[in-house]
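Enquirer: Just dropping this structure here.
The values are calculated or read from the model by the stated rules, or taken from the named source; none is laboratory data. Worth saying up front: this structure is predicted, and the values here are computed from it rather than measured. Because the Cβ atoms are built from the backbone with ideal geometry, glycine has one as well, and the counts that use them run over all protein chains shown.
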Amino acid sequence: MEYELLSPSEQQLFVKTTGIRYRHVARPGLTTGDLCYAAATELLKKLNWRGEDVDLVIMVSQSPDYFLPATAIILQDRLGMKKSSVALDINLGCSGYVYGLSVISAMMQTGAFKKALLLAGDVSTAATNKKDKSTYPLFGDAGTATALEYNRDYEIAFDLNSDGSGQRAIYIPHGGIRHPIDSTTFKEQTLEGGIIRHHRNLWLDGSEVFNFSVREAPTSIQTLMNFTGTTPDEVDYLILHQANKLMDETIRKKLKFPAEKVPYTLHDFGNTSSASIPLTIVHACRERQALTTKWLLSGFGVGLSWGSALLTTHNVVLPEIQYI
Amino acid sequence: MDSLEIFTEKLLVELDSFPPESLKPDTHYRQLPEWSSMHVLIIIAFCETEYGITVTGEDLRGCSTLRDLHNLLLTRQ
């Protein structure tokens, strides 16, 4: 963690509180689509699937390659998928992987799609201001790919929620239709605590997001466990969105999950938005590859949006992380 | 709810980054050079896990001392 706007003692406190020591930052011109493409091609190779075998691709991101067209459609072409395949984007961040799993599995359950790819990731660093010490050191960039194959008897349980009244807890004020880019957009403002941002940067209210997460994530997870009759003992791993270690530890303690069931990738990757859940599975749970594993996943954040999923894998394939 | 003394002792362990004796129940903590926005999150987490009481950023903006915070928690029991 080298960041000159934080003094050595502030850096120490930052690492201790957030759990973040290292982040990976995409070089200029490297997009979320590129990151997910690299992940997808590696995964397809491991599974011995061809691009044309995949009939559905969903891309979850809030940093798309372009405002339009959808990045998923660009990747349909790059991955060599058939023109008869379905490709669409979902505009979600922290909750995006869980929501993506929900949408893709709902579409697949009819049997209309046999093989699908869920791509999830962000180049979040593109939106943070280096002079904003409350956001800049938090985020890392990553792209992931998850392959799903139709099985009529397979079940995933979900608990999904939204609260648009919290829209300003995490947002980028300008650049959409509500407030297009204008002459005021890039004028930097100095806020309380010496934080400097302009209106095309990410604006984050840390304490509001913290309160929201420690309130709603445990409720969502408990709701799902109650609905499915699952106890913490029966879950092999609780994978939380990797936003902040203090936040996640508070959630873990409220749910009384033992520490060994709640892995972290914050230390090495920072907050990677919708990529954080699959990244944690691949990086921190590799020993589960050949084993039947019950996963409880929970994503929460921007929107505000939050959701949890309970699923079991048998012999899951976890390729190594690539650094491009 | 713990007494102010025990509450302060426990919270100081969590806050960790203040020189001994610099942060007391009636110290205006925002005026300490070590004070950071991270401490707000640490306090929120502490109140949640230790006492099961939710304290927001806005609540904390209305508190200047640990005594203020302790009094707030007493009203939320």
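Enquirer: What is the residue count in segment A:291-324 for residues that are under 20 Å from A:D233 (Cα atoms) and assigned to a loop (DSSP other than H, G, I, E, B)? Break it down into steps so the answer makes sense when it comes.
Expert: Keep residues of segment A:291-324 that are under 20 Å from A:D233 (Cα atoms), which gives A:291-298, A:308-314.
Still in the list and also assigned to a loop (DSSP other than H, G, I, E, B): A:291-292, A:314.
Result for segment A:291-324: 3.
Enquirer: Filter segment B:28-48 for residues that are buried (at least 17 other Cβ atoms within 10 Å of the Cβ), under 21 Å from B:L74 (Cα atoms) and not aliphatic (A, V, I, L, M); which is nearest to the other protein chains (Cβ to nearest Cβ)?
Expert: Looking at residues that are buried (at least 17 other Cβ atoms within 10 Å of the Cβ), under 21 Å from B:L74 (Cα atoms) and not aliphatic (A, V, I, L, M), I get B:E48.
Enquirer: Ok, one more. Name every residue in segment A:218-251 that is in a helix (DSSP H, G or I), of a type outside the set (D, E, K, R) and buried (at least 17 other Cβ atoms within 10 Å of the Cβ), in order of residue number.
Expert: First pass over segment A:218-251, keeping only residues in a helix (DSSP H, G or I): A:218-228, A:232-234, A:245-251.
From the residues that got through so far, the ones that are of a type outside the set (D, E, K, R) too are A:218-228, A:232, A:246-247, A:250-251.
Once the filter is applied, which keeps residues that are in a helix (DSSP H, G or I), of a type outside the set (D, E, K, R) and buried (at least 17 other Cβ atoms within 10 Å of the Cβ), segment A:218-251 yields A:P218, A:S220, A:I221, A:L224, A:M225, A:L246, A:M247, A:T250, A:I251.
Enquirer: A follow-up question, please. Only residues that are touching a residue at least 60 places away in the same chain (Cβ under 8 Å), more than 24 Å from A:A217 (Cβ to Cβ) and acidic (D, E): list them for segment A:130-160, please.
Expert: Result: A:D132, single match.
Enquirer: Residues being in contact with a strand residue (DSSP E or B) (Cβ under 8 Å, 6 or more places away or on another chain) and either part of a loop (DSSP other than H, G, I, E, B) or closer than 18 Å to A:R215 by Cα (or both): count how many of those fall in segment A:252-274. So that I can check it myself, show each step before the final result.
Expert: Applying the first criterion (in contact with a strand residue (DSSP E or B) (Cβ under 8 Å, 6 or more places away or on another chain)) to segment A:252-274 yields A:252, A:255, A:257, A:261-263, A:269-274.
Cutting the leftovers down to either part of a loop (DSSP other than H, G, I, E, B) or closer than 18 Å to A:R215 by Cα (or both) gives us A:252, A:255, A:257, A:262-263, A:270, A:272.
Of the residues in that region, 7 qualify.
Enquirer: For segment B:3-27, what are the residues that are surrounded by fewer than 18 Cβ atoms within 10 Å (Cβ to Cβ), among the hydrophobic types (A, V, I, L, M, F, W, C) and in contact with a helix residue (DSSP H, G or I) (Cβ under 8 Å, 6 or more places away or on another chain)?
Expert: B:L4, B:F18 - these are the residues of segment B:3-27 that are surrounded by fewer than 18 Cβ atoms within 10 Å (Cβ to Cβ), among the hydrophobic types (A, V, I, L, M, F, W, C) and in contact with a helix residue (DSSP H, G or I) (Cβ under 8 Å, 6 or more places away or on another chain).
Enquirer: In addition: (1) within 14 Å of chain B (Cβ to nearest Cβ); (2) at pLDDT 95 or above: which one isn't true of A:Y171, the others all being true?
Expert: Unmet for A:Y171, out of (1) within 14 Å of chain B (Cβ to nearest Cβ); (2) at pLDDT 95 or above: (1).
Enquirer: Quick check on segment A:308-315. Is at least one of its residues under 13 Å from the mean Cα position of the chain (by Cα) and either farther than 18 Å from A:G100 by Cβ or touching a residue at least 12 places away in the same chain (Cβ under 8 Å) (or both)? Step through it out loud before you land on a result.
Expert: Initially, segment A:308-315 is screened for residues under 13 Å from the mean Cα position of the chain (by Cα), giving A:308.
Checking which are either farther than 18 Å from A:G100 by Cβ or touching a residue at least 12 places away in the same chain (Cβ under 8 Å) (or both) leaves us with A:308.
Looking for residues that are under 13 Å from the mean Cα position of the chain (by Cα) and either farther than 18 Å from A:G100 by Cβ or touching a residue at least 12 places away in the same chain (Cβ under 8 Å) (or both), one finds at least one in segment A:308-315, hence yes.
Enquirer: Something else now. So, in segment B:50-66, of the ones that are part of a helix (DSSP H, G or I) and more than 13 Å from B:M1 (Cα to Cα), which residue ends up nearest to the other protein chains (Cβ to nearest Cβ)? Please lay out each step first, then the result.
Expert: Taking segment B:50-66 first, the residues part of a helix (DSSP H, G or I) are B:50-51, B:57-61, B:66.
Right, trim to more than 13 Å from B:M1 (Cα to Cα) and you get B:57-61, B:66.
Values: B:G57: 3, B:E58: 8, B:D59: 9, B:L60: 7, B:R61: 9, B:L66: 18 Å.
Among those residues, the one meeting the criterion is B:G57.
Enquirer: Every residue in segment A:294-317 that is aliphatic (A, V, I, L, M), more than 25 Å from A:W203 (Cα to Cα) and at pLDDT 95 or above, please. Break it down stepwise before answering.
Expert: If we filter segment A:294-317 for residues that are aliphatic (A, V, I, L, M), which is where we start, we get A:296-297, A:302, A:304, A:309-311, A:316-317.
Filter once more, so that each one left must be more than 25 Å from A:W203 (Cα to Cα): A:296-297, A:309-311, A:316-317.
Hits for segment A:294-317 are A:L296, A:L297, A:A309, A:L310, A:L311.
Enquirer: Oh, and also: Please go through segment A:7-23 and pick out each residue that is in a loop (DSSP other than H, G, I, E, B) and surrounded by fewer than 17 Cβ atoms within 10 Å (Cβ to Cβ).
Expert: At the first step, the residues of segment A:7-23 found to be in a loop (DSSP other than H, G, I, E, B) are A:7, A:19-23.
Correct list: A:S7, A:R21, A:Y22.
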